[in-house]
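One structure below.
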Amino acid sequence: MASETKLIKPLFDFSHNGRPVGNGWTSRPNGAHWGTDYLSRTASAKSNMYDNAPEETRYIYTDSDSGGSA
């Protein structure tokens, strides 16, 4: 399916999954409070089924090691 390839697959690259927080790391700003942010809801369901509310836990992600290699 085109939607799986173009919309969902890139969400498995953490650089496309959340907002930059520095040094190659990203974090979803809304945690488990998605509202109508269906793309973030899908990203969470596909890559990390369980998210706590942002006031409880902040998750940060990266695709690379300390040397910048994936």
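Please treat every number below as a calculation from the coordinates, not as lab data. Since we're looking at a predicted model, the values are computed, not measured. Here Cβ is always computed from backbone atoms with ideal geometry, including for glycine, and neighbour counts include all displayed protein chains.
Quick look at the numbers
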quantity	calculated
Residues (under 18 Å from Leu7 (Cα atoms) and either among the aromatic types (Phe, Trp, Tyr) or surrounded by 15 or more Cβ atoms within 10 Å (Cβ to Cβ) (or both)) located in region 48-62	none
Output for region 19-47, where each listed residue is assigned to a strand (DSSP E or B) and either β-branched (Val, Ile, Thr) or surrounded by fewer than 13 Cβ atoms within 10 Å (Cβ to Cβ) (or both)	Arg19, Pro20, Val21, Gly22, Thr26
Answer from Thr36, Thr42 - the residue that is at negative phi, touching a helix residue (DSSP H, G or I) at 6+ places or on another chain (Cβ under 9 Å) and not basic (Lys, Arg)	Thr42
Pair list, Cβ < 9 Å and 6+ apart or interchain, from region 1-18 residues that are within 18 Å of Asp63 (Cβ to Cβ) to residues that are surrounded by 10 or more Cβ atoms within 10 Å (Cβ to Cβ) and among the aromatic types (Phe, Trp, Tyr)	Phe14/Trp25; Phe14/Tyr61; Ser15/Tyr61; Asn17/Tyr61; Gly18/Trp25; Gly18/Tyr59; Gly18/Tyr61
